Amino acid sequence: MAGLVEGRVAIIVDNTPFALLVPANINMFMVSPEDAYLRWSGGSFIRLLRFGANFVAMLLPALYIALTSFHPEMLPTGLALSIAATRENVPFPAYAEAFLMELSLELLREAGIRLPGPISQTIGIVGALVVGSAAVQASIVSPVMVIVVAFTAIAAFSTPTVSFSVAIRQIRFLFMILATFSGIYGIMLGLLLLVSHVATLKSFGLGYVEPFAPLSLSDLKDVMIRLPLPAMHTRPSILGVDDAVRMQDRRQNDLQREADSDHYEDKS
C-alpha cells in the first residue's frame, strides 16, 4: 500500500505470498515498513545504521585480509602486534581462515533455514559457538577472525530484504577474492566496478541509484534521512506521476470530495 501511495505499480501473482513493486531502486531494499511507525529522528537513525551495516557486511572480511596480508602499516602498532600474537600459531594465511570461517557460517545459516524452527535456532547458536571455540582452541583460526566473522554476520542480518541480503553475501566473497590478490587496491577496484555496474541498471525505466544519481534533492526526504511527516505530502518526482500529491490534510480532502461531487453532478 505504501508503494501504491508513492505512485508505484504492484504486481501480485497467484500462489505466491510476495508482491512485486515496480519501478524499484536500491533505496527500497534498505527501507523497512517499521520505519513509518517511528518518529522521524528514530527512523533516520535506524536507516543510517542499516546503510552502514551493509557496508560492514560487504567489506569487513576483505579489509581484514588486506590489512593483515598487504598493509599492516595502516594498523595502529598495538593492534597490529595483538593480531600478530593471536595468529602466531595459526598455520593458514589470513585469506584461508577468512574463507574457511565465512563458508562455515554460510553452511550453518543454510542448515538452520532447512530445519524446523526450534531446532534451527539451537543449531545456529550452538553450532556457531562450538565451531568457533573449537577452531580457536585447535589454532585453525585466530580469535580476531572469529570476531570479524561474527560482526559481519550481525551486520548482514540488519538488511530487511532477503534478496538484497543474498546479493550482499555474494559480493562479500568477490571482495575477499580481490583483497587476497591485490589488498586495498583490489577492494577499491571492486568498489569502482560495483558502482559502475549498479549505475547502469534500470528498473522499468528508473535508474537503480536514483535519486542519488542523477541527484534529486526533493526526493532525498525519504531515503537515508526520513524527514517529518509534513514533508511527505508529495510523491517522488523520479517516478514521473501525473498527481504529485501523496497526502492531504482533512480540510483539503473535504474540498477535494466536494469538487469531485460537483463535477459528477455537472456531468450527470
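Things worth noting here:
- Under 11 Å, Cβ to Cβ, from LEU60 - net charge with Lys/Arg +1 and Asp/Glu -1: 0
- Placing unit charges on each Cβ (+1 for Lys and Arg, -1 for Asp and Glu) gives the chain a dipole about its Cα centre, and among ALA24, PRO236, ALA134 the Cα reaching farthest toward its positive end belongs to ALA134.
- Checking every one of the chymotrypsin sites (Phe, Trp or Tyr not before Pro) in segment 180-240 against DSSP loop status and a limit of 14 other Cβ atoms within 10 Å picks out PHE204.
- Share of carbon and sulfur in the accessible heavy-atom surface of segment 41-170 [1.4 Å probe, %]: 74 percent
- Placing +1 on each Lys and Arg Cβ and -1 on each Asp and Glu Cβ, with no other charges, gives segment 17-99 a dipole about its Cα centre of roughly 240 debye.
- About the centre of its Cα atoms, segment 11-162 shows a dipole size close to 240 debye [charges on the beta carbon of Lys, Arg (+1) and Asp, Glu (-1) only; nearest 20 debye].
- Neighbourhood charge, 10 Å Cβ-Cβ cut-off, centred on ILE238 and excluding it, Lys, Arg +1 and Asp, Glu -1: -1
- Separation between Cα centres of segment 148-206 and segment 1-46, rounded to whole Å: 22 Å
- Per residue, in Å², the accessible surface of segment 1-115 once ligands and nucleic acids are set aside, probe 1.4 Å: 59 Å²
- Rh (Kirkwood; distinct C-alpha pairs) - the chain, Å: 21.9 Å
- Whole-percent carbon and sulfur share, accessible surface of segment 176-221, 1.4 Å: 76 percent
- The residues of segment 128-231 expose on average 55 square angstrom of accessible surface per residue, using a 1.4 Å probe on protein heavy atoms.
- Projecting the Cα atoms of ILE225, SER44, LEU107 onto the charge dipole of the chain (Cβ charges, centred on the Cα centre) puts LEU107 farthest toward the positive pole.
- Put a plus charge on the Cβ of each Lys and Arg, a minus charge on the Cβ of each Asp and Glu, and nothing anywhere else: the dipole of the chain about its Cα centre is then about 600 debye.
- Near ALA156, once Lys and Arg are set to +1 and Asp and Glu to -1 for all other residues with Cβ below 15 Å from its Cβ, the sum equals +1.
- Cα-only radius of gyration and Dmax that characterise segment 19-81, units Å: 17.8, 52
The values are calculated or read from the model by the stated rules, or taken from the named source; none is laboratory data. Values in this document were obtained by computation on a predicted structure and should not be read as measured data. Glycine gets a Cβ as well: all are built from the backbone with ideal geometry, and neighbour counts include every protein chain shown. Each accessible area value is taken on the protein alone, full model and side chains, heavy atoms only, with ligands, DNA and RNA left out. Shrake-Rupley method; radii C 1.70, N 1.55, O 1.52, S 1.80 Å.
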